[in-house]
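K.L.:
Let me give you the structure first, and then I'll get to my questions.
The values are calculated or read from the model by the stated rules, or taken from the named source; none is laboratory data. Because the structure is a prediction, the values reported are computed rather than measured. A quick note on method: Cβ atoms are made from the backbone with ideal geometry, for glycine too, and the neighbour counts reach across all protein chains shown.
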Amino acid sequence: MRLEGKSAVIFVEDLVEEIELLYPKYRLIEEGVKVKVAGPEVRVFKGKNGYPIKADVSFDEINVNDYDVLVIPGGYAPDRIRRNKTALELTRKFYESGKVVAFICHAGWVPISAGILRGKKVTGFFSIKDDLVNAGAEYIDSEVVIDGNLISSRTPDDLPAFCRAIISALSD
């Protein structure tokens, strides 16, 4: 397990795209990463397809210094997450401390609301392209885009490339 000693936090809220949370979670665990799922509170959240996902910790319990990467899955959860002041502060702190901030699909809404995308190259689900551009980012239609400590992808089909990029960034 080449990433033993590394740790990740993955955001969750109701209507999360389950595969965009579970695929990275288990890929990171396979590599030896300790993974926590964080939500606005510790409870079971209902995924977009009805699958239950439990938060291990609340946003308030997260200390950025304890983690190496923040993963934000898509679905409709990012629209809820971006309304949470603590989640936005965490996103900014991860970014500003040089830690990986990885987001997929509609999850670009969270870094948009955290104000960290101006001048950055990113991708996301095509329906939020205008939102990303209006936030000052350059939109690139590619399975994965890496700009500094930001990693972004478009859809569940991009999950293999998304996870490879996260694992590679954590390996450096």
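K.L.:
Quick check on region 115-144: of everything there that is touching a Phe, Trp or Tyr at 6+ places or on another chain (Cβ under 9 Å), closer than 21 Å to Phe94 by Cβ and not basic (Lys, Arg), which residue is surrounded by the fewest Cβ atoms within 10 Å (Cβ to Cβ)?
P.N.:
Asp131
K.L.:
Could you check region 39-86 and list, in sequence order, the residues that are in contact (Cβ under 8 Å) with a residue 40 or more places away in the chain, aliphatic (A, V, I, L, M) and closer than 18 Å to Glu17 by Cα?
P.N.:
Hits for region 39-86 are Ile53, Ala55, Leu70, Val71, Ile72, Ala77, Ile81.
K.L.:
Does Ile29 meet the test of being surrounded by fewer than 16 Cβ atoms within 10 Å (Cβ to Cβ) and either of a type in the set (Ser, Thr, Tyr) or not in a loop (DSSP other than H, G, I, E, B) (or both)? Before you say what the answer is, go through the steps one by one.
P.N.:
Details: surrounded by fewer than 16 Cβ atoms within 10 Å (Cβ to Cβ): yes; either of a type in the set (Ser, Thr, Tyr) or not in a loop (DSSP other than H, G, I, E, B) (or both): yes.
Yes, satisfied.
A quick yes/no check of all residues on (1) more than 26 Å from Ser127 (Cα to Cα); (2) touching an Asp or Glu at 6+ places or on another chain (Cβ under 9 Å):
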position	(1), (2)
Leu3	yes, yes
Leu15	no, yes
Leu28	yes, no
Glu31	yes, yes
Gly39	no, yes
Gly47	no, yes
Asn63	yes, no
Gly75	no, yes
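K.L.:
Please verify whether Lys25 is among the basic types (Lys, Arg), modelled with pLDDT of 95 or more and under 15 Å from Ile166 (Cβ atoms), treating the condition exactly as stated. First the steps, then the outcome.
P.N.:
Working: among the basic types (Lys, Arg): yes; modelled with pLDDT of 95 or more: yes; under 15 Å from Ile166 (Cβ atoms): yes.
When the stated conditions are applied, Lys25 passes them.
K.L.:
Would you confirm whether or not region 147-155 contains a residue that is surrounded by fewer than 24 Cβ atoms within 10 Å (Cβ to Cβ) and farther than 25 Å from Gly5 by Cβ? Explain how you work it out, then say what you get.
P.N.:
Taking region 147-155 and keeping what is surrounded by fewer than 24 Cβ atoms within 10 Å (Cβ to Cβ), we get 147-150, 155.
Among the residues that remain, those that are also farther than 25 Å from Gly5 by Cβ are: 147, 155.
So far as region 147-155 goes, yes, one or more of its residues are surrounded by fewer than 24 Cβ atoms within 10 Å (Cβ to Cβ) and farther than 25 Å from Gly5 by Cβ.
K.L.:
Can I ask one more? Among the β-branched types (Val, Ile, Thr) and part of a strand (DSSP E or B): which single residue out of Val71, Val133 fits that description? Let's see the steps before the verdict.
P.N.:
Numbers: Val133 fails: part of a strand (DSSP E or B).
From the options Val71, Val133, the qualifying one is Val71.
K.L.:
Sticking with this one: Determine, yes or no, whether Val9 is without any contact (Cβ under 8 Å) to a residue 60 or more places away in the chain, assigned to a strand (DSSP E or B) and of a type outside the set (Ser, Thr, Tyr). Let's see the steps before the verdict.
P.N.:
Values: without any contact (Cβ under 8 Å) to a residue 60 or more places away in the chain: no; assigned to a strand (DSSP E or B): yes; of a type outside the set (Ser, Thr, Tyr): yes.
In short, no.
K.L.:
I've got another one for you. Is there a residue being farther than 20 Å from Val9 by Cα and out of contact with any Gly (no Cβ under 9 Å at 6 or more places or on another chain) anywhere in region 148-157?
P.N.:
yes
K.L.:
While we're looking at this one, here's another question. Starting from region 17-30, take each residue that is within 18 Å of Tyr76 (Cβ to Cβ) and list its partners that are charged (D, E, K, R) and modelled with pLDDT of 95 or more, counting only C-beta distances under 6 angstrom and pairs at least six apart or across chains.
P.N.:
Taking only residues 6 or more apart or on different chains, the pairs are Glu17/Lys48.
K.L.:
Right, something else. Looking at Val101, is it at pLDDT 95 or above, under 19 Å from Thr155 (Cα atoms), of a type in the set (A, V, I, L, M) and part of a helix (DSSP H, G or I)?
P.N.:
Details: at pLDDT 95 or above: yes; under 19 Å from Thr155 (Cα atoms): yes; of a type in the set (A, V, I, L, M): yes; part of a helix (DSSP H, G or I): no.
No; evaluated as a whole, the condition is false for this residue.
K.L.:
Search region 89-113 for residues that are closer than 22 Å to Asp141 by Cβ and free of Cβ contacts under 8 Å to residues at least 40 places away in the same chain and pair each with any residue that is crowded, with 24+ Cβ neighbours inside 10 Å and of a type in the set (S, T, N, Q) when their beta-carbon atoms are under 7 Å apart and the residues are at least 6 apart or on different chains.
P.N.:
Going by the 7 Å Cβ cut-off, the qualifying pairs are Pro111/Thr91.
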